[in-house]
1. Being under 19 Å from residue 406 (Cα atoms) and among the basic types (Lys, Arg) is the filter here, so list the residues in region 307-361 that pass it.
2. Taking into account only those residues within region 22-47 that are under 23 Å from residue 108 (Cα atoms) and open to solvent by 40 Å² or more (accessible area, probe 1.4 Å), which is farthest from ligand 1 (Cβ to nearest atom)?
3. Residue 19 passes all but one of (1) within 9 Å of ligand 1 (Cβ to nearest atom); (2) open to solvent by less than 10 Å² (accessible area, probe 1.4 Å); (3) under 21 Å from residue 166 (Cα atoms); which number fails?
4. Among 364, 340, which is out of contact with any Cys (no Cβ under 7 Å at 6 or more places or on another chain), acidic (Asp, Glu) and away from ligand 1 (no atom under 16 Å from the Cβ)?
5. Scan region 297-304 and tell me whether some residue there is within 21 Å of residue 92 (Cβ to Cβ) and within 16 Å of ligand 1 (Cβ to nearest atom).
6. Give region 260-287 a look and list any residue that's within 10 Å of ligand 2 (Cβ to nearest atom), on the phi < 0 side of the Ramachandran plot and free of Cβ contacts under 8 Å to residues at least 40 places away in the same chain, or say none.
7. Scanning region 238-255 for residues that are among the charged types (D, E, K, R) and either surrounded by 14 or more Cβ atoms within 10 Å (Cβ to Cβ) or in contact (Cβ under 8 Å) with a residue 24 or more places away in the chain (or both), which turns out nearest to residue 345 (Cα to Cα)?
Amino acid sequence: MVKICCIGAGYVGGPTMAMIAYKCPDVQVVVVDISASRINAWNSDHLPIFEPGLDDVVKSCRNKNLFFSTDVEAHIADSEIIFVSVNTPTKTRGLGAGKAADLTYWESAARMIADVAKTDKIVVEKSTVPVKTAEAIEKILTHNSKGVNFQILSNPEFLAEGTAMDDLAKPDRVLIGGRETPQGQKAVAALKAVYAKWIPENQIITMNLWSAELSKLAANAFLAQRISSINAMSALCEATGADVTEVAYAVGKDTRIGSRFLNASVGFGGSCFQKDILNLVYICECNGLPEVANYWRQVVQINDYQKARFVNRVVASMFNTVSGKKIAVLGFAFKKDTGDTRETPAIDVCLGLLGDKAQLSIYDPQVTEDQIGRDLATNKFDWDHPAHLVPTDPTAKKSVTKASNAYEAAKGAHGVCIMTEWDEFKTLDYQKIYDGMEKPAFFYDGRNVINVEALRKIGFIVYSVGKPLDPWMKDLPAAA
Ligand code: NAD
Ligand code: UDX
């Protein structure tokens with residue numbers, strides 16, 4: 001039986017390994033983590049992450065060929081293939097702070113592997129890492145090796161949260177990068193054999209290590225760039241009376257461009273896009289390519305502009321102040337079908353509104369009150385990335401409450417902001433919401449999920465990103 005160990009039981013390690021165990025009953029998979037609470041949750045009825053379809057897959061394999069453990073050393077020693085799926089956040093201090101990837105967790109995982117390995121290992125980069133990381137990892141492993149041979153592979157993950165299980169079951173492609181030596185190619189073949197159990201071979205792409213590492217950063221940069229492109233257009237749509245949904249439809253009909261990932265929004269969030277682009281910017285700078293760095297930096301800057309623009313729309317239209325006004329925030333997660341709030345645009349929008357002394361009532365079906373409290377109290381870095389619309393205000397916590405549903409959040413509110421495109425927001429009784437609000441009742445849709453005309457008919461003053469402006473907002477300042 002092939003034995004696989006995965007270091008890091010997070011949003012990637014957990015679902016990815018569950019899918020391997022599910023599709024490969026003859027492979028034993030152990031997911032290890034230094035966080036005992038995370039491992040306990042993986043072994044319980046309440047998994048640590050919400051992901052549609054994940055529960056069923058985990059339950060069908062857990063304690064058969066899928067295990068979760070804190071015994072990191074023993075399982076590393078025991079396995080032939082070791083995935084490393086630890087977090088690689090943006091550095092917040094020191095050299096490259098605010099841009100470079102922090103590889104502390106990766107390095108400590110590599111040192112641990114070198115320390116305990118007594119047999120040859122294939123070490124797989126699952127985390128998203130800067131191009132050339134495999135070279136650094138190779139050095140750590142070989143300089144600390146006790147006569148053991150290590151092969152490093154790059155196997156970046158392309159799943160998106162909320163659709164992770166479908167993405168893993170039917171990926172567009174699987175990427176495996178390895179050294180172009182006989183041993184390197186043998187390792188590539190061994191990993192390919194695992195994926196080939198359920199993925200057609202022509203979708204498993206093999207290439208050199210550096211191409212595989214860079215392809216992941218490039219893919220995320222291209223995806224985020226599409227969103228910033230359509231969001232930049234949304235500002236122009238608002239200024240001219242064009243409708244961004246119609247523009248996106250027309251543009252996306254060109255098969256060279258394609259229709260997906262062109263939804264204008266309050267901005268992209270999530271743990272990957274911003275981090276990976278900033279990392280790309282840093283790599284470009286380090287390689288003496290300031291023009292290339294600036295090109296990609298702009299994708300993040302437009303994203304910040306979009307969030308700030310949204311806050312300005314809210315405040316400017318409500319008589320230039322939201323001080324003391326209750327504002328309902330519907331959705332806090334960075335997208336629907338996840339409880340993840342990392343880099344959610346809701347944080348910046350809420351902080352912007354709190355900066356103007358609003359009283360926020362937040363409802364999200366998956367995000368806890370504690371999480372919201374932590375997110376709104378955490379200082380973000382602001383080196384060359386001034387996402388922060390206001391400095392974190394320690395008294396702001398008192399101005400935030402968590403509601404148990406959308407109606408409670410909106411009761412007595414002056415305005416409602418949609419921050420996440422949860423399906424349930426499409427079918428709310430908006431007449432009931434309107435009746436319970438202060439008048440004039442304002443509605444700001446950051447995800448273009450509601451029917452603007454229907455809400456205007458009810459009586460709302462409506463702003464929806466990139467849509468023709470309500471006459472109320474036409475002459476108000478719009479720029480961030
Ligand atoms: P995460 O923070 O959810 O999980 C990482 C886990 O690694 C944590 O539970 C942490 O405790 C554990 N860990 C850290 N150091 C460890 C060590 N030395 N030994 C054992 N455990 C350790 O992160 P994530 O969202 O799963 O992302 C992991 C990587 O995958 C990142 O590089 C990310 O960029 C990449 N990625 C993420 C996504 C996504 O949608 N979240 C998609 C593709 C790629
Ligand atoms: C992303 C990549 O899609 C995935 O391939 C990679 O492995 C990890 O990063 P994720 O961040 O989980 O996945 O979700 P994604 O669907 O890409 O959405 C990211 C953000 O962009 C969300 O805030 C989403 O709401 C926003 N978005 C997405 C838009 O604003 N408009 C769109 O058209 C698409």
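1. Across region 307-361, the qualifying residues are 325, 326, 335, 336.
2. Filtering region 22-47 for residues that are under 23 Å from residue 108 (Cα atoms) and open to solvent by 40 Å² or more (accessible area, probe 1.4 Å), the one farthest from ligand 1 (Cβ to nearest atom) comes out as 40.
3. Result: residue 19 fails condition (1) only.
4. Working: 340 fails: away from ligand 1 (no atom under 16 Å from the Cβ).
Selected residue: 364, the only one of 364, 340 that is out of contact with any Cys (no Cβ under 7 Å at 6 or more places or on another chain), acidic (Asp, Glu) and away from ligand 1 (no atom under 16 Å from the Cβ).
5. Checked against the condition, which is being within 21 Å of residue 92 (Cβ to Cβ) and within 16 Å of ligand 1 (Cβ to nearest atom), region 297-304 yields at least one hit.
6. Going through region 260-287, the residues within 10 Å of ligand 2 (Cβ to nearest atom) turn out to be 260-276.
Applying the additional criterion that residues be on the phi < 0 side of the Ramachandran plot yields 260, 262-266, 268-269, 271-276.
Passing the criteria: 260, 262.
7. Taking region 238-255 first, the residues among the charged types (D, E, K, R) are 238, 243, 246, 253-254.
Imposing the further condition that a residue be either surrounded by 14 or more Cβ atoms within 10 Å (Cβ to Cβ) or in contact (Cβ under 8 Å) with a residue 24 or more places away in the chain (or both) reduces the set to 238, 243.
Working: 238: 20, 243: 22 Å.
My answer is 238.
Each row is one residue, and each column tells you yes or no for (1) touching a helix residue (DSSP H, G or I) at 6+ places or on another chain (Cβ under 7 Å); (2) open to solvent by 60 Å² or more (accessible area, probe 1.4 Å).
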position: 236; (1), (2): no, yes
position: 257; (1), (2): yes, yes
position: 266; (1), (2): yes, no
position: 270; (1), (2): no, no
position: 287; (1), (2): no, yes
position: 326; (1), (2): no, no
position: 330; (1), (2): yes, no
position: 333; (1), (2): no, no
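The values are calculated or read from the model by the stated rules, or taken from the named source; none is laboratory data. None of these values were measured; they are calculated from a predicted model. Cβ coordinates were reconstructed from backbone atoms using ideal geometry, including for glycine residues, and neighbour counts include every protein chain displayed. With ligands, DNA and RNA removed, areas are computed over all heavy atoms of the protein, side chains included. Shrake-Rupley method; radii C 1.70, N 1.55, O 1.52, S 1.80 Å.
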